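All of the numbers you see were taken from the coordinates with simple rules; none came from a lab. Not measured: the values here are computed from a predicted model. Heads up, the Cβs are rebuilt from the backbone with ideal geometry, glycines too, and the neighbour counts pull from every protein chain shown.
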Amino acid sequence: MKPLIEVENLSKCYRTGERGFRSLRDSFQYWWGQSLKKEMKIEEADLKRFFWALKDISFRLQAGEAIGLIGKNGAGKSTLLRILASLTEPTEGQAVIRGRVASLLEMGSGFHPDLTGRENVFLNGAFLGMKKKEVAEQFDAIVAFSENEAFIDTPVKHYSKGMYTRLAFSVAAHLNADILLLDEVLELGDVAFQQRAIEKMIERKKEGKAIVFVSHHAERVQAMCDRAICLDSGYLSFDGGIKEGMERYLTSLTLSSML
Amino acid sequence: MSESYTKIIKADSDWWSFDFRSVFYYRDLLFLMIRREFVSKYKQTILGPLWFVIQPSLMAIVFVFLFSETMHVPTDGVPPVLFYFSGIIIWNFLSSSLGAISLSLLHHSELCKKVYFPRIFLPISQLFASFFALLIQMGVFIVLYLLFWVTQNHSGFFPTAQLLLLPLWFVQLAFLSLGVGTWIAGLTSRYRDFHHLTQLGLTLWMYASPISYSLRLVSPKWKWLVLSNPVSPVILSIRAAVFGTEALSLEIQLISMAISIFLCVTGTLFFNRIQRNFIDTI
């Protein structure tokens, strides 16, 4: 069976500094400055303007496999998730995605505070790639899992944070997508709910979903993932067993704190 | 099972590539987004959708007092309330949808950083939400129209067969709003200057459109200026069809239609190009 995700030499470059225009005036000043400095050496300045958030990343992910993306802040984890979720394009390389992707980079994407829980379940489900019919079929299960039955017709702005998170996660847990991209979203809610959320995700993995999971919580990553991919300043520094990957990451953390 | 969803993500500089497949796949979302836009406009109000009627009614009343009662501006033999109300609701559709579309990328940038969906749904849902408001306003207009028709013994104004072209003119307005709106949305995502320009531009554009005046009042020297504005032929044609006032030549109508289509196509393509990477620079 072909892998669900096939990433080949993926790189993402951001322009920094001068190119971070906010207004037209800045832009004109930049062009003006450029045209004056034409004879000057601009190669050096050019190099500084580019920042490679990801460089030459390659890996494959099979159905039923969960990988933990591990790395320090700014290592490129979120950038990689954003590219896999089609939120932004890579600068070089490509990723082949075979299946429906649901990006759970936050809980309750598309929730509107004025709409009721019921309306938001349909809206959020649709934003995550579900058809109306699919949400309708799962609706009772979603509401039951969220334990919000009594408030399902109340606008979500009156919900407590816990209720909101539970409802949002319930939608996410019942998605039909083949690939789930999770970015530290299981860190929300109380401990009991987090436990249920992890169990639910492990269940989905066993059903054959592929999961990419970003978290700084070592215990949770190890509970859910079989494999680790470590990112270090945009480079892939390790691809292998979750235990070894986590150890490497933790050692690098202690090393850098000692220096 | 998943072969049909296979997708290749790579750097793509092709301006023309448009992901129709995902638009079709996410069609349920579009309906929900339209509903969300429309409903959220009047949630937690006592009067609810009545607000869509109150605003143009008050504007029309002000225009009647200002232009008809005070300045005695003629309205082509049409009852002033109907004359102004018709112009105001047409303009409102354009300005409210265009204003919302021009901010659609900026206002939804957080959402766009989190989930994928065809970004073109952002402007389209704004367009439809404004269109539903227009439908409600049209209902009120029809009631007013019949009231005047009966009380004035149907003298002075009458609908013509051109009324059948009404949907076409609405489509033209939609093209225009989508075209200009997507251009500004794309530009605003990079340069905030365009947001300030939009507000100013819409106000000036309103005065350049025959909403509070008829074309007859414009001196021949400046008629070309009013008519080169692609909104003017639409307003004038709709009024001609509804009230039987002087119709425009087909040539002018076709030119304004061509301008609207051109803006719509280029704006959508530009928007499509910008949306691919706009979360990197927003």
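Stokes-Einstein at 25 °C, 0.890 mPa s, Kirkwood radius from Cα pairs: D for chain A in µm² s⁻¹?
Diffusion coefficient, whole number: 121 µm²/s.
Rg/Rh for region A:68-163 to two decimals, with Rh computed the Kirkwood way over all alpha-carbon pairs.
1.06
Could you grab the relative contact order for region B:173-282? Cα pairs under 8 Å, six or more apart, rounded to a whole percent.
It rounds to 49 percent for region B:173-282.
Scan around A:Arg227 for amide H atoms under 5 Å from its own, H built in the peptide plane at 1.01 Å from N, and keep only partners 5 or more places away or cross-chain.
Those qualifying (amide H under 5 Å, at least 5 residues apart or on another chain) are A:Ala66, A:Gly68, A:Ile242.
For chain A, modelled as a GNM with alpha-carbon contacts under 10 angstrom, which of A:Lys133, A:Lys209, A:Lys12 fluctuates the most?
A:Lys133
Sequence neighbours fewer than 8 away in the same chain don't count; with that in mind, list the aspartates and glutamates whose C-alpha is under 12 Å from A:Lys209.
A:Glu65, A:Asp178
For A:Lys206, list the lysines whose Cα falls under 22 Å from its own Cα; do not include residues on the same chain fewer than 8 positions away.
A:Lys2, A:Lys243
In percent, what relative contact order does chain B have, based on Cα pairs under 8 Å that are 6 or more apart in sequence?
RCO, chain B: 26 percent.
Report the calculated FRET efficiency for B:Ala11 and A:Ser233 (r = Cβ-Cβ distance, R0 = 25 Å), to the nearest 0.05.
0.75
Measure up A:Lys200/B:Lys10; A:Lys131/B:Lys41; A:Lys12/A:Lys200; A:Lys72/A:Lys132; A:Lys161/B:Lys7; A:Lys161/B:Lys41 against 29 Å on the Cα-Cα distance and list the ones that go over.
Violating the 29 Å limit, Cα to Cα: A:Lys200/B:Lys10; A:Lys12/A:Lys200; A:Lys72/A:Lys132; A:Lys161/B:Lys7.
Quick check on the exposure proxy: order A:Val143, A:Val121 from fewest to most C-beta atoms within 10 angstrom.
By the 10 Å Cβ count, ascending, the order reads A:Val143, A:Val121.
For region B:191-203, take each phi angle, set θ = phi - 60°, evaluate the Karplus expression 6.51 cos²θ - 1.76 cosθ + 1.60, and give the result in whole Hz per residue in order, putting x for glycine and proline.
Result, ordered by residue: 10, 5, 3, 5, 5, 5, 4, 4, 4, 4, x, 5, 5 Hz.
How high is the FRET efficiency from A:Asp140 to B:Ile54, r the C-beta distance, R0 51 Å, rounded to 0.05?
Taking R0 as 51 Å, the efficiency between A:Asp140 and B:Ile54 is 0.80.
Based on Cα coordinates alone, diagonalise the gyration tensor for region B:1-113, multiply each eigenvalue by 5, take square roots, and list the semi-axes in whole Å, largest first.
Three semi-axes, in Å: 44, 18, 13.
When only alpha-carbon atoms count, how far does chain B stretch along each of its three principal axes, as whole angstroms with the largest first?
Between the extreme Cα coordinates on each principal axis of chain B lie 67, 46, 36 Å.
How large is the direction-averaged shadow of the alpha-carbon convex hull of region B:81-163, in nm²?
Hull-based average projected area comes out at 6.9 nm².
Among all the aspartates and glutamates, which ones have a C-alpha under 13 Å from A:Lys55's C-alpha, if same-chain residues fewer than 8 places away are not counted?
A:Glu8, A:Glu92, A:Asp232
From the phi angles alone, apply the Karplus equation (6.51, -1.76, 1.60; θ = phi - 60°) to region B:256-265 and give each ³J(HN,Hα) in whole Hz, x where the residue is Gly or Pro.
Couplings: 5, 5, 4, 4, 5, 5, 4, 4, 5, 5 Hz.
Calculate the mean, over all residues of peptide A:132-141, of how many other protein chain Cβ atoms lie within 10 angstrom of the residue's Cβ.
Shielding by partners across A:132-141 averages 1.
Can you pull the Rg over Rh of the protein assembly as shown, Cα-only, Kirkwood?
1.05
³J(HN,Hα) across region A:136-148 via Karplus (A = 6.51, B = -1.76, C = 1.60, θ = phi - 60°), whole Hz, x for Gly/Pro?
Residue by residue, region A:136-148 yields 4, 5, 8, 3, 4, 5, 4, 5, 4, 5, 7, 6, 10 Hz.
What are the residues whose amide H is under 5 Å from the amide H of A:Gln62, where those residues sit 5 or more places off or on another chain and H is modelled from the backbone?
Amide H neighbours of A:Gln62: A:Leu4.
Given Cα pairs under 8 Å that are at least 6 residues apart, what percent is the relative contact order of region B:62-214?
Result for region B:62-214 is 42 percent.
If you project the alpha carbons of region A:107-177 onto the principal axes, what extent comes out on each, in Å, largest first?
Projected onto the principal axes, the Cα atoms of region A:107-177 cover 29, 21, 18 Å.
For peptide B:257-263, what's the mean number of Cβ atoms from other chains within 10 Å of each residue's Cβ?
0
Calculate, for B:Lys43 and A:Lys2, the FRET efficiency according to 1/(1 + (r/R0)^6) with r their C-beta to C-beta distance and R0 45 Å; round to the nearest 0.05.
Efficiency, from the Cβ-Cβ distance: 0.45.
Shielding by partners for B:39-49, please: the mean number of other protein chain Cβ atoms within 10 Å of each residue's Cβ.
2
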